[in-house]
Structure formats: C-alpha cells, structure tokens
Amino acid sequence: MIKLDINQNIDLSLLEADDIIDKSLLDNYLKIFSDCFGCSAVAVRKNGEKFASGTVHNDSNIDNSSVISKAIGIATDLGKLSMENISGEDIWILPITAKHELIGAVLLSNPVNTSVNFRLAVNMAELFVSSRIATGYNRVLVESYSAKLAENFVQVSSTLKDLANSTQLVNQQQQSLGKDISQIESVTSEIADITNSINKLADKTMMLGLNASIEAARLGNEGRGFAVVATQIRELSDSSRKTSEDIMKLNDQINEYVVSTIDNSKESIKTTEEQSSAMNQLAATINAMGDTAQELRNIY
C-alpha cells in the first residue's frame, strides 16, 4: 500500500509501473498488439526489470538487459514517445510516467514489413497505456485516501472512548471529534474529485475506441489489428466508468455517515445523562463508516 505523506501526496519514488498498471491486462494488450502488427513488445519497470510482454521474436533484442537499460535512460532524458536505434534495432520507447516521474516504459520493435502505418499504431498504444496510467494512479490515490479514512476512524473511536470515560472532557473532546470529522470530509472530497477525473478519462477512452474503429473500417482487412485494439479500448472505458460509479456510491454513503456523526455528536453534549446513549449511536455509525471504507479499499 502506497501511503500519503503529511500533505496527502504520494511519494512517487516508491511507485513502480506495475503499481498502477495491471500486469495481466498489459500482458494481454501487448500480446494482441504484437501479434496484430508483427512486432516485439515488452514492458519494464524503472529499474529495468521486465513485468509484462507480448510476443518477442527471435530476431529481436528488445528484452536484452543492455537494450532495456539504454531505453530507460532515453525515456528518462526525453520523457516522451520516441523511436531510437539501439544495438542495430529500431525500437519505439513509450515512457510510463506518474506526475512526470518515470516509473517504467513500454518498448515496441519497429516491424520490417508492414502494410499499416506503424506510427499510428504506436500512437494508439500510447493512448491506451496513458489511459491505464491515469486510471491506475487514481486507483492508488483512492486506496491511499481509504487508508487515511481508516486512520481517521481510529482517531474518532479513540475520541469516543475518552468522551464515555470522562464527562469533564466532553467539550474538549467534542472539538477534537469535530477536527477528525473535518479531515474525513476533506478526504471524501478528494475521492469525489478523483472519480470525476475517472469519468472524464472514460469519456476520452471511449472516443479513442470509436476513432480506432473508424480507422479499422477505413483500412479494411489491413485494419484488423486496429479493430481488435478498438474493442479492448471500449471495454476499458466501460470498466472505468463502472468503477467510478461504484466509488461514488460508497463515497456518498461515507458522507451520509459523516453528517449522521456530526448530528449525534452535537446531541451528546445536551446532558451527561444522555451521553452513554449518544456514544453508542456514534460507535454504531463509526462501525458502519469503517465497513464502507473497507468496501472502498477493495473495490478495485
């Protein structure tokens, strides 16, 4: 689990490419891509370790450690898609970045013979990988914010115990509870922003799939590779939107629990005689919030 720092930012130095891009999904995509276009394909971490691959042809050195090392160096320096001749082989280098920090790369060999514009195919691969990077990074953020929520729930539970044990500290602990609830509200607001970002990404990905389908139809039999890739992209868009909807529902539930907790906490200071009952209500609400936060962490 990648945790947030005190400013609620992710330490990018701890991220690897396969932290935000699903290995099995990328394996499948690279296999389809390399088979359709007759190229070799591998995906590597920033330290040069291979974590996913399509077909690697016998005449290709694309998965050679020295070739990978040179490609990572180029990706680090340029930070953008490029085609370089490494050890006598033309290789397309597609950097995998998070917030402009290199965390890996996808390497594609240039086919010797092809009737399809391979530069266009590589651009499609870049868009696909970029969409997975954005979705994966958002997933890491959601998981991290969910962990932060869990920490806040522990703090709230501790405050409730203090309230139950000492009526003299009711007002002081009530203020502490209010601060903890404010932190939860801040985190749920961040999650809402992330889900909006996922929705926008899903829309862009769907448009990419439609454009790829149009290109496939235009190319006829030569565009069969684009047709397969287009189907994958549209399925990705549908999956991203479904995930976003599920996250938003759970986030709305947490917000409802926050409102309920605030109402219960105000009620708890009316009279000390009613304090025990109010604490039980708060505890039940916190337990429900914890269950929902766990669902949020497991949604992916």
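Only the coordinates and a few stated rules stand behind these numbers; no lab work does. What you see is a predicted model, and the numbers here were worked out from it, not measured in a lab. Note that each Cβ is placed from the backbone with ideal geometry, even for glycine, and that neighbours are counted across all protein chains shown.
Between Ser65 and Asp35, what is the label-to-label distance in nm when each label sits 7 Å out along the Cα-to-Cβ direction?
3.1 nm
Gain in length, Asp252 to Met207, computed as 0.36 nm per residue apart minus the alpha-carbon separation, to one decimal in nm?
Here the answer is 13.3 nm.
So what are the ³J(HN,Hα) numbers for segment 103-109, from phi and the Karplus equation (6.51, -1.76, 1.60; θ = phi - 60°), rounded to whole Hz, Gly and Pro as x?
Listing the rounded values in order: 10, x, 7, 10, 10, 10, 6 Hz.
Could you list, in their original order, any pairs among Lys46/Lys80; Lys80/Lys204; Lys23/Lys242; Lys46/Lys200 whose Cα atoms are separated by more than 22 Å?
Lys46/Lys200
Sorted from largest down, what three extents in whole angstroms do the Cα atoms of segment 1-159 have along their principal axes?
69, 27, 23
Rounded to the nearest 0.05, what FRET efficiency do Ser87 and Ser197 have when you use their Cβ-Cβ distance and R0 = 35 Å?
Given R0 = 35 Å and the Cβ-Cβ separation, E is 0.30.
Between segment 232-253 and segment 14-73, what is the separation of their alpha carbon centroids in Å?
27 Å
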